[in-house]
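See below for the structure under consideration.
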Amino acid sequence: MGLVKIGAVELRRVHLPLVRPFRTSFGTETVREALVLRVVTSDGEGWGECVAGSEPGYSSEYVDSAWLTMRKFLVPLLLDSAGVSAAGVAHLFHEVKGHRMAKAALEMAVLDAELRSAGMSFSQFLGGVKEAVAPGVSVGITGSVAELLDVVGGYLDEGYCRIKLKIEPGWDIEPVAAVRERFGADLMLQVDANTAYERSDIGHLAKLDEFALLLIEQPLDEEDLLGHAALARRISTPVCLDESIVSARAAADAISLGARSIVNIKAGRVGGYLEARAIHDVCRANGVPVWCGGMLETGLGRAANLALGALPGFVLPGDISATARYYREDITVPFVLTGGTIPVPTGPGLGVEPIPAALDSLTTETEVMRG
Ligand code: NPQ
Ligand code: MG
């Protein structure tokens, strides 16, 4: 696809209240603060979303750091360029180390603009082969096991076909045992620790083996690939990495170290949907199953994740839920569960765009930068 000139970039901070608090091993969220952006190009506009949270609890990036990195470094690189294409954005940003979530959001918007003007959907462009994806749900830590069983039961009634429980030391064996007991051996069940354990906990984590989990996600520190490899040798539950996989190279290294047998792919964490596709390709070539992670995205990121999740290597249900799992009101039309799946958008680009009045009413801060 050809090069476009970027004329302006509009950054917005939006506040989306969550339908219920979401507690993980790194904190409790009650409102999703998100950074969404619009690029205006010579060929039309495109939308992007940065998955960073309000605080550096999941990763080192957070909304304010991403905003500042965009304002000071990344947006000027785009505005000063004579012509860009989505495929060239990573190279253009190469001089800025790290800040993958900020970079991913801008690349997403450039790609959206490019695909809208070409009349091609994200799914078509990425190589999607599915018209709909199986919905999974990530269930936060609750105040009691009884409450957890109610919440999980509610999601199963709604049609979610895979449950992921957030765990941390003190909230692991007991809730997992209770959910397995109540909902049976056929339930697709997995857990996510968001780095809450130490290498010395390997013996404890082995107690999860008896519950036939699909996987345990990121139990150890994001930099501890060798620890995950040691864990994988000691437990029968498949080890899945999330925070550790920041690039296709990290994925290839983790595979050769034996640090994982399954990979969670999140475009924001790895610098964009193009790198996410590259990780999919590396994993697929090595027979490693992947699934699409989630970051409590607005409808923009949700649309892009549905497209990514339509690729052939995404053989496990992802953390792709209907909008109503998180939000009563979103900036786009909501995604709904229909017949047990969520349809992949088919329109040009993301296939959805913000509803102007909804976007305006949820926006708390705006900054426009022009070339
Ligand atoms: C995970 N997501 O897989 C993440 C963690 C996560 C759906 O479990 C604000 C910003 C809130 C980022 C909550 C799911 C977040 C966040 C959870 C990331 O590890
Ligand atoms: Mg995770």
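The values are calculated or read from the model by the stated rules, or taken from the named source; none is laboratory data. These figures come from a predicted structure and were not determined experimentally. FYI the Cβ positions are ideal-geometry reconstructions off the backbone, even for glycines, and counts take in every protein chain you see. Quick note on the areas: whole protein, heavy atoms, side chains included, nothing else; ligands and nucleic acids left out. Shrake-Rupley method; radii C 1.70, N 1.55, O 1.52, S 1.80 Å.
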GNM top mover of TRP47, TRP291, TRP171 - the chain, alpha-carbon springs below 10 Å: TRP171
Helix 173-183 sits at what angle to the longest principal axis of the chain, using alpha carbons and giving 0 to 90 degrees rounded to 10? 90
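On a full-extension model of 0.36 nm per residue, what is the gain between VAL19 and GLU174, subtracting their alpha-carbon distance, rounded to one decimal in nm? It would help to have the intermediate numbers written out before the result.
Numbers: separation 155, 0.36 × 155 = 55.80 nm, distance 2.57 nm.
So the extension gain works out to 53.2 nm.
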For SER54 paired with PHE211, estimate the spin-label separation in nm (one decimal), with each label point 7 Å from Cα along the Cα-to-Cβ line. 2.9
Spatially proximal lysines relative to LYS166 (Cα-Cα < 21 Å; intrachain offsets below 8 disregarded): LYS207, LYS266
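Between PHE73 and VAL96, what length comes free when the chain is fully extended (0.36 nm per residue of separation minus the Cα-Cα distance, one decimal in nm)? Show your work: numbers first, answer last.
On the way: separation 23, 0.36 × 23 = 8.28 nm, distance 0.75 nm.
Contour length minus Cα-Cα distance gives 7.5 nm.
Got a number for carbon plus sulfur as a percent of the chain's accessible area, 1.4 Å probe?
Numbers: 7320 of 14230 Å².
Result for the chain: 51 percent of the exposed heavy-atom area is carbon or sulfur.
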Helix 100-118 axis, angle to the chain major axis (alpha carbon atoms, nearest 10°): 60
Residue-normalised accessible area of the chain, expressed per residue, 1.4 Å probe, Å²: 38
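Among the lysines in region 1-154, how many pairs, 8 or more places apart or on different chains, have alpha carbons under 22 Å apart? Present the calculation step by step, with values, prior to reporting the outcome.
Working: LYS5/LYS72; LYS5/LYS103; LYS72/LYS97; LYS72/LYS103.
Taking the Cα cut-off of 22 Å, the pair count is 4.
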With only helices counted (DSSP H, runs n ≥ 4, each -39500 (n - 2.57)), the per-residue ellipticity at 222 nm for the chain, to the nearest 500, works out to -10000 deg cm²/dmol
Using the Kirkwood radius over Cα pairs, work out the Stokes-Einstein diffusion coefficient for the chain at 20 °C and 1.002 mPa s, in µm²/s as a whole number. 104
Where labels lie 7 Å past Cα in the beta-carbon direction, separation of ARG249 and ARG182 in nm: 4.6
Nearest-ten-degree value, helix 248-257 long axis tilted from longest Cα axis of the chain: 20
